[in-house]
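The structure under discussion appears below in the form of C-alpha cells.
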Amino acid sequence: MRIAKILRLAVVLGLLATGAACGGGDSGSGGDGKVELTLLSHYSDGPSKEGLDKMIQQWNKENPKVQVKAQVVKFDDLLTTMTVRQTGGRGADIVSAYGLWGGQLMKANVVAKVPDDLATKIKAEYSPAALGAVTTGDTLLGYPTELNTYVLFYNKKILAAAGITKPPSTWAELADAARKTVKRDAKGNIQVEGLSLIQDGDNKSVHPFLSLLDSAGGKFLGPDGTPQFGNAEGKAALKFESELAAAKATNPSIMPTKQFRSGGVAMAIQAGWWIGSLKTQMKDKYSSDVGVTAIPGPAAGSKGSLAYGFFMGVNQRSKHADEAWKFLTWMNEHKAADSQVTETGKWLADQGLIPPRTADQAEYKKSLSDPNLAPIYDAATYAMAEPNQPGAYEAKTALHNSIMGVLADGKNPDDALAQAAKAVKPQ
C-alpha cells in the first residue's frame, strides 16, 4: 500500500506521549456476558475492506459471545484518529498500524506486548522482513499484515531501443542504462527520465536510497536509533545518486507514478504494490512493457531492498485483551476454504501484496501468474526492514531533506549525509 503524507505528525506524536496516562479501551460487555471488540484500520474501501469484513463476519457467526466491530478511516487519518481516541479513553481494542509508528506507539503505551507464547509462534512462522518491519528493539508489536518490498521496475521497450538486452545487475550497469535511456528536448528538458530515485508519498527520496544502501551492505539506524548511514556504504550510495543527477539522468521533480505508465520514465525503484496500479493503468501494455528485477548492488551478485509493513496489535488498555488476541490468532491462522494458505494470506495476495507468513509466501510462489511478482517475493528474504524505534520517522525526514539537497540542488553528498546524521536525535 502506498504510504501517503502524514499530516501534522509531530503534533500527533506529541499527543500520544501526553496521552499515555489516559485509560480505557473502546470495548464493552453486555449484561448477557457478550463481549464487543472494536478493530480500527485503514481498510476503508475496495478489496481490502471486503476481505477484512468477510473474516469478521465469519468470526462473529462462529463466536456469538465475542463480537468484532470494524471501525475504518482513511490512511491519512489513521494515526490522528488512533491518537485522539486513545487520549479520550476510547481507543479501539485492536489497532492496525504502519510499522514505522511502532516505536512511538510502544513508547506511548498504546500497543500491548504480544504474549510470549504467541510471539514465539509468530517469530517461527513469519518472514524475517515481515518481522523486522513490525519489531521495535526486541519487542514484537503484533501480527504482521501488509508487507511491501522495493524492486527495480523498467520499461522493456525503452531499454531494448537503447540496445540494452538484459536488466542491469550492478550499479555500473544501472548508471549506464540510465544515461543511455534518458531523452531530452532541444532545451535540455528531460522527456524520458533514465532512473527515478523517488517514490510517491512523504519523504519520497528515502526508500529508494535505503534500498541502494542495503545493496551495498549498509544500515540506516542502529538499534539505539543512532545514524549508521554516514559510513562508506552510505557515501557510496549517495555518490551514485549524485552522479546520475549531475548527468541529468534522474530528476526528482518527475513523479514516476504518473510518468512511467506513459513512457516518461525508463526505470524506477518502487514498492511492489505498484504492480496493481500499473496493471490497471496500462492494461494490455503492462505485460509487453513492464519488467521487474532486483535492485542491483555495486558488485555483481549483490542486491538490496527495503521492506516496510503494517501490523495488527492489541491496545494496552483494552478490557478484553485475551479475547482480542484470540480473534487475531484465528484471523491470521485459519485456512481459506479449499486452500493451503491462510485466509489472511489470501486476502493480502488478492490485493497484490506479499503475505507475511513464510508458508503462504512459499505456496504462492509456486504458482505466480505474473513473473514480475517473483523478484518482489524474493526480496522479502533479504530486504532491510524499515526501522521503527522512537525517532525513526524524524530520522527519515532529516535524511530525505539531505538527499533532496543533493538531487535537486547539487550539494556535496558527503556533506549532506553528515548534516542528516547531525539532525538525528536518538530517543
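Quick look at the values:
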| item | result |
| --- | --- |
| Spans of helices (runs of 4 or more DSSP H) in region 234-314 with at least 1 residues over 24 Å from the mean Cα position of the chain (by Cα) | 285-289 |
| Selected residue [closer than 28 Å to Pro223 by Cα and of a type outside the set (D, E, K, R)] from Ile158, Ile94 | Ile94 |
| Filter pass, Asp176 being in the same structural domain as Ile269 (by the TED database) and out of contact with any strand residue (DSSP E or B) (no Cβ under 9 Å at 6 or more places or on another chain) | yes |
| Residues within region 102-122 that are open to solvent by 10 Å² or more (accessible area, probe 1.4 Å) and either closer than 19 Å to Tyr308 by Cβ or part of a loop (DSSP other than H, G, I, E, B) (or both), tallied | 6 |
| Scan of region 189-209 for residues that are among the polar types (S, T, N, Q), crowded, with 19+ Cβ neighbours inside 10 Å and not in a strand (DSSP E or B), ordered by number | Gln199, Asn203, Ser205 |
| Region 138-161, residues that are in contact with a strand residue (DSSP E or B) (Cβ under 8 Å, 6 or more places away or on another chain) and not in a strand (DSSP E or B) | Leu141, Gly142, Lys156, Ile158, Leu159 |
| Residue within region 391-412 that is of a type in the set (Val, Ile, Thr), in contact with a His (Cβ under 9 Å, 6 or more places away or on another chain) and surrounded by 22 or more Cβ atoms within 10 Å (Cβ to Cβ) present | no |
| Residue in region 27-65 that is modelled with the highest pLDDT, counting only those that are of a type in the set (Asp, Glu) and over 16 Å from Phe327 (Cα atoms) | Glu50 |
| Boolean, Lys422 is open to solvent by 60 Å² or more (accessible area, probe 1.4 Å) and either part of a helix (DSSP H, G or I) or not assigned by the TED database to the domain that holds Pro296 (or both) | yes |
| From Lys326, Lys335, Lys285, Lys366, residue being in the same structural domain as Phe260 (by the TED database) and open to solvent by 50 Å² or more (accessible area, probe 1.4 Å) | Lys285 |
| Extreme residue, modelled with the lowest pLDDT, among residues of region 123-136 that are open to solvent by less than 60 Å² (accessible area, probe 1.4 Å) and farther than 25 Å from Asp350 by Cβ | Thr136 |
| Residue list for region 142-188, filter: open to solvent by less than 10 Å² (accessible area, probe 1.4 Å) and touching a Ser or Thr at 6+ places or on another chain (Cβ under 6 Å) | Thr149, Tyr150, Leu152 |
| Hits in region 155-203 - residues which are of a type in the set (Ser, Thr, Tyr) and out of contact with any helix residue (DSSP H, G or I) (no Cβ under 6 Å at 6 or more places or on another chain) | Thr165, Ser169, Thr170 |
| Test for Asp214: is it at pLDDT below 95 and not small (Gly, Ala, Ser) | no |
| Residue under evaluation Ala236, criteria (1) under 28 Å from Ala349 (Cα atoms); (2) open to solvent by 10 Å² or more (accessible area, probe 1.4 Å); (3) modelled with pLDDT of 95 or more, criterion not met | (1) |
| The one condition in (1) small (Gly, Ala, Ser); (2) over 22 Å from Thr226 (Cα atoms); (3) in contact with a helix residue (DSSP H, G or I) (Cβ under 9 Å, 6 or more places away or on another chain) that Ser369 fails to fulfil | (3) |
| Residues satisfying the stated conditions in region 325-352, i.e. within 21 Å of the chain's Cα centre (by Cα), over 20 Å from Leu40 (Cα atoms) and assigned to a loop (DSSP other than H, G, I, E, B) | Asp350, Gly352 |
| Hits in region 214-233 (condition: touching a Leu at 6+ places or on another chain (Cβ under 7 Å), in a loop (DSSP other than H, G, I, E, B) and not aromatic (Phe, Trp, Tyr)) | Gln228, Gly230 |
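The values are calculated or read from the model by the stated rules, or taken from the named source; none is laboratory data. Remember, predicted model here, so these are calculated numbers, not experimental data. Glycine also receives a Cβ, built like all others from the backbone with ideal geometry; neighbour counts cover every protein chain displayed. Surface accessibility is based on the protein's heavy atoms, side chains included, excluding ligands, DNA and RNA. Shrake-Rupley method; radii C 1.70, N 1.55, O 1.52, S 1.80 Å.
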